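Below is one structure, written out as structure tokens; comments come after it.
The values are calculated or read from the model by the stated rules, or taken from the named source; none is laboratory data. The structure presented is a predicted model; accordingly, all values stated were derived computationally and were not measured. For neighbour counting, all protein chains shown are included, and Cβ atoms are generated from backbone atoms with ideal geometry for every residue, glycine included.
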Amino acid sequence: MIVLGIESTAHTLGIAIKRDRDIINLIDTYQGEYIPRDLAEHHAKVFLKLLREALQKASIEMSEIELISVSQGPGIGAPLSFGIGMANYISSKLKIPLIGVNHGYAHIEIVEYMNGKRGDLALYISGGNTMIVRREDLKIIGETLDMGIGNMLDKAARELGLRGAADLERLALQRDKYIEFPYTVKGMNTTFAGIYTYFVNSIKKNLGTKENLSYSLFHTSFSMLLETLARAVFAYRAKSVVVCGGVAQSKILNVMLDSFSEQYGIEILRTENQYNRDNAAMIAVLGERLYNEGYRSEFPLKSIPRYRVSDSMKHYIRL
Ligand code: FE2
């Protein structure tokens, strides 16, 4: 089957073409301030260029596409609606079936697809999302009570004049010592507003080098996450955990995950960075599987800006 994947929920426009195991996975990410209208304008500007490039790389014509899969939410109104609008248009114009998928579920699915097996739990960590999901029914069993861990790290980076969490991590890796930070875990939930404020104040008061404070921010917030994950692992007798979402790219996190895996005898399922950041390959992969299992979306597709991972299977008609 040849599937076109479209991702446009936030700052990244992704176009993917999946043909059996071969995937062309292209992205164009908006650089700049997070103004919804500007994100949608960016996506509109690069959409055709990316689509053409993907078709060319896959050596196929538009008419050969057999299914379109698009992120239905959660996401930011304007860019999300743009992607869904394009998907509806192409689908009706070329009479290609269309399916919508939950963006968060797609993050989990791509890791499982690449590993060829399912996890018992998933740790989904990105800009706006920080949650532990029970895989069998997609129930959210733990999550952030305030900000997403990725947004927290991005904000901390901008506090130092850096672009985002990746730059902050490069700085953090030059540390020479760990500084004690406040640590808040509530059952299987986490909060990051306190630790963020502590970081900002520590920078202002010069309580350590930028490198050491940044490292301590990463290390402490990841420790909080892994404590909640350990609780979830024991509560649900999990043997494997999918780690997915943009923050799964963190080097510091992956070192900590290695010791977590060793300490608790848990298998960690991971994938390459191109599939952890926002991308359309994951949208194509999940859409194709659900379509082949007989799930259908209503046409025209509508956006669901606050689409919870736990509701991922609630918007389909079953054949
Ligand atoms: Fe995402």
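Given the condition within 16 Å of the ligand (Cβ to nearest atom), under 13 Å from ILE283 (Cβ atoms), surrounded by 22 or more Cβ atoms within 10 Å (Cβ to Cβ) and modelled with pLDDT of 95 or more, answer yes or no: does some residue in region 36-50 qualify?
No, the conditions are met nowhere in region 36-50.
Going by what's in this entry, would GLN56 be described as in a loop (DSSP other than H, G, I, E, B) and surrounded by fewer than 21 Cβ atoms within 10 Å (Cβ to Cβ)?
In short, no.
Of all residues in region 168-184, how many are crowded, with 16+ Cβ neighbours inside 10 Å and not hydroxyl-bearing (Ser, Thr, Tyr)?
7
If I filter region 250-274 down to residues being in a loop (DSSP other than H, G, I, E, B) and of a type outside the set (Asp, Glu), which single residue comes out as farthest from the ligand (Cβ to nearest atom)?
Ranking the qualifying residues of region 250-274, first place goes to GLY265.
If you check every pair at least six apart or on different chains, which have Cβ atoms under 8 Å apart with a residue in region 125-136 that is of a type outside the set (Val, Ile, Thr) first and a residue that is assigned to a loop (DSSP other than H, G, I, E, B) and more than 16 Å from the ligand (Cβ to nearest atom) second?
Note: pairs meeting the criteria are ARG134/ASP120; ARG134/TYR236; ARG135/ARG118; ARG135/GLY119; ARG135/ASP120; GLU136/ASP120.
Hey, can you tell me all the residues within region 262-319 that are of a type in the set (Gly, Ala, Ser) and either free of Cβ contacts under 8 Å to residues at least 40 places away in the same chain or not assigned by TED's automatic domain parsing to the domain that holds ILE27 (or both)?
GLY265, GLY294
What are the residues in region 1-26 that are in contact with an Asp or Glu (Cβ under 7 Å, 6 or more places away or on another chain), in a strand (DSSP E or B), surrounded by fewer than 22 Cβ atoms within 10 Å (Cβ to Cβ) and not polar (S, T, N, Q), if any?
ILE2, LEU26
Which residue, of LYS239, LYS205, is of a type in the set (Lys, Arg), surrounded by fewer than 14 Cβ atoms within 10 Å (Cβ to Cβ) and either in contact (Cβ under 8 Å) with a residue 40 or more places away in the chain or more than 28 Å from PHE181 (Cβ to Cβ) (or both)?
Only one candidate passes the filter, namely LYS239.
For region 59-77, which residues satisfy the criterion of being more than 18 Å from ASN292 (Cβ to Cβ) and in a loop (DSSP other than H, G, I, E, B)?
SER59, ILE60, GLU61, PRO74, GLY75, ILE76
Quick check on VAL247: is it in a strand (DSSP E or B) and touching a residue at least 60 places away in the same chain (Cβ under 8 Å)?
no
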